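Trainee: Here you go, one structure.
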Amino acid sequence: NGHRIRLRTVMAITYAAHALGLSVPFAGAELDVVYSFTRFRRAGLDAATTSWAMAVSWICSTSGLALLLLAGAIVGSEGASVAGFAGAAVYLLPAIGVLLALRFPRVRAVLRSVLAWLAGLSKRVFGKPADGGAGVDGFLDEVSSTRLSVPGYARVFGCALANWFAREIGR
C-alpha cells in the first residue's frame, strides 16, 4: 500500500506471534494470527496488504514444509514415501487454491461468494462486520492487485524453508 516496514519490525512481530502461538494451549495458532494481524495494522499496513502478506507467508511456510516432506519421501522407505507425498499434497493443495483464486476470475468468483456468505453469517451471528460483507469485492480487488517481485517471493520462501528445517533439526 506504499507503506514501508522494516524487516526488523516484521521479524519482531513474527517471533512474538510465534511464541504466543506455541505457548497458549488450544488457541495458540489463532492467537498467532490475531496478534500478527493487529500488530501489522498498527505498523501502518492496510487490511488487504496485511492479509496478503500473511497469506504469502502461509503459502511459503506450507510449501517449505511440503518440500521437506517430499525430500524425506524420496530418501525414505516405501511407506515413508507414500506418507511424505500425501503430506506434501495436503499442504500444497490449499496454497495452490488460494493462488488460483487470485489469478483466475472464475475461481475468484467462487471465493468472493464464499467470503460474502461467511461475512453475512458473521453479521447475523456477531453483528460484525457492520457492512455485512459489502467490502468483500474491494478487499479482494486490493489483495489481488498486490504484487511482490520474484526475488521477494524467493526470499520469503527461503526464510520459511529455513524455519521448517531449523525446527526439524532442533527436535
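The values are calculated or read from the model by the stated rules, or taken from the named source; none is laboratory data. Just so it is clear, the model here is predicted, and its values are computed rather than measured. Methodologically, a virtual Cβ is constructed for each residue, glycine included, from the backbone with ideal geometry; neighbour enumeration extends over all protein chains shown. Just so you know, the surface numbers come from the protein's heavy atoms only, side chains and all, with ligands and any DNA or RNA stripped out. Shrake-Rupley method; radii C 1.70, N 1.55, O 1.52, S 1.80 Å.
Trainee: Considering (1) surrounded by 13 or more Cβ atoms within 10 Å (Cβ to Cβ); (2) of a type outside the set (Lys, Arg); (3) modelled with pLDDT of 80 or more, say which one Leu100 fails and leave the rest.
Mentor: (3) is the only condition that Leu100 fails.
Trainee: Can you tell me how many residues within the stretch 39-66 are open to solvent by 50 Å² or more (accessible area, probe 1.4 Å) and at pLDDT below 75?
Mentor: Within the stretch 39-66, residues that are open to solvent by 50 Å² or more (accessible area, probe 1.4 Å) and at pLDDT below 75 number 0.
Trainee: Being under 14 Å from the mean Cα position of the chain (by Cα) and of a type outside the set (D, E, K, R) is the filter here, so list the residues in the stretch 12-30 that pass it.
Mentor: Thr14, Ala17, His18, Ala29
Trainee: Within the stretch 22-50, track down each residue that is touching an Asp or Glu at 6+ places or on another chain (Cβ under 9 Å) and either under 20 Å from Arg155 (Cβ atoms) or free of Cβ contacts under 8 Å to residues at least 12 places away in the same chain (or both). If you could, list the steps in order and put the result at the bottom.
Mentor: Taking the stretch 22-50 and keeping what is touching an Asp or Glu at 6+ places or on another chain (Cβ under 9 Å), we get 22, 24, 46-49.
Passing the criteria: Leu22, Val24, Thr49.
Trainee: Okay, next question. Name the residues in the stretch 115-137 that are open to solvent by less than 70 Å² (accessible area, probe 1.4 Å) and at pLDDT 70 or above, would you? Show your work before the answer.
Mentor: Pass one, the stretch 115-137, residues open to solvent by less than 70 Å² (accessible area, probe 1.4 Å): 115-116, 119-122, 127, 129, 132-133, 135-136.
Once the filter is applied, which keeps residues that are open to solvent by less than 70 Å² (accessible area, probe 1.4 Å) and at pLDDT 70 or above, the stretch 115-137 yields Leu115, Ala116, Ala119, Gly120, Leu121, Ser122, Gly127, Pro129.
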